Amino acid sequence: MSQTAPHPNPLPSGERGTLRRPNPALGRLDHAADWVARHWLALINTFLGLFVTLPWLSPLLMAIGLRGPAQIINRIYVAFCHQLPERSYFVFGYQVAHCHRCVAFYGSLFVGGLVYARMRPSLRRRDSHGQMHYAGLSIPVAILLCLPILLDALSHTFGLRDVGGALGWLGQSDALGSLNWWLRLISGVIAGYALIFAIWPRVDTSFARSLNLNDYYRQMQNRGA
């Protein structure tokens, strides 16, 4: 009675020991990378939550006399926002460190991230090869949805909004509830949500496939141990 020959090890003889005795340091790095891959969305949402909260903390700190910390926040956020007073919110008489447009844009990134986390399970799909991916907006659609905020910003940069106001096409007021305020609010929110639902599913897909590949390698290591 014939016996079945053992299945040959597909790895070269010089590499077989790698599966049986993995490097402990590399193993810890591998587990750390897996942890980031599984929790990246929570980490990003936490960061965005802090990022959109600190500008509102600045006027509160000013109101209670802590001018130093408030000024530090303002100086940090000037890298992300022009902070023009006429286009900014005020709390207790002190300026928020983000303008109207930035509050709408960055705020929608944070809220959109929370919405995406809620919708995440329903966006999970598998392709014809069994590979997991997450459904989202196409890049061309996302770019199209970002055009309003780009046009709104450029119209201010090159003075087109002032020309339109002088001709009576657009109002020149930046007050809450004005046309300019609504344009900044709506275009900022649309752009933020568009970026979240175009980019986050692709990041999720990349991490999901990386985790599946790591799980496969671990199974191979266990079989070769």
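Any read-out appearing in this document is the output of simple, stated calculations on the displayed coordinates, not a laboratory observation. Everything numeric here is computed off the predicted structure, so don't read it as measured data. Glycine gets a Cβ as well: all are built from the backbone with ideal geometry, and neighbour counts include every protein chain shown.
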With label points set 7 Å from each Cα along the Cα-to-Cβ direction at S138 and R75, the distance between them in nm comes to 4.8
Working note, region 36-214: Cα radius of gyration (Å, one decimal) and Dmax (Å, whole number) are 19.4, 62
In order over region 195-202: 3J(HN,Hα) from phi, Karplus 6.51/-1.76/1.60, θ = phi - 60°, whole Hz, x for each Gly or Pro, gives 5, 4, 7, 9, 8, 4, x, 6
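T53 to L213: extension gain in nm, 0.36 nm per residue of separation minus the Cα-Cα distance? Don't skip to the answer; put the middle values down first.
On the way: separation 160, 0.36 × 160 = 57.60 nm, distance 3.74 nm.
Once the chain is fully extended between T53 and L213, it gains 53.9 nm.
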Computed curve, region 29-75, Cα-only Debye sum without solvent term, log₁₀ I(q)/I(0) at 0.16 Å⁻¹, is -0.57
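Fewest to most neighbouring Cβ within 10 Å: what's the order for H129, H98, H82?
Ranking H129, H98, H82 by Cβ neighbours within 10 Å, fewest first, gives H129, H82, H98.
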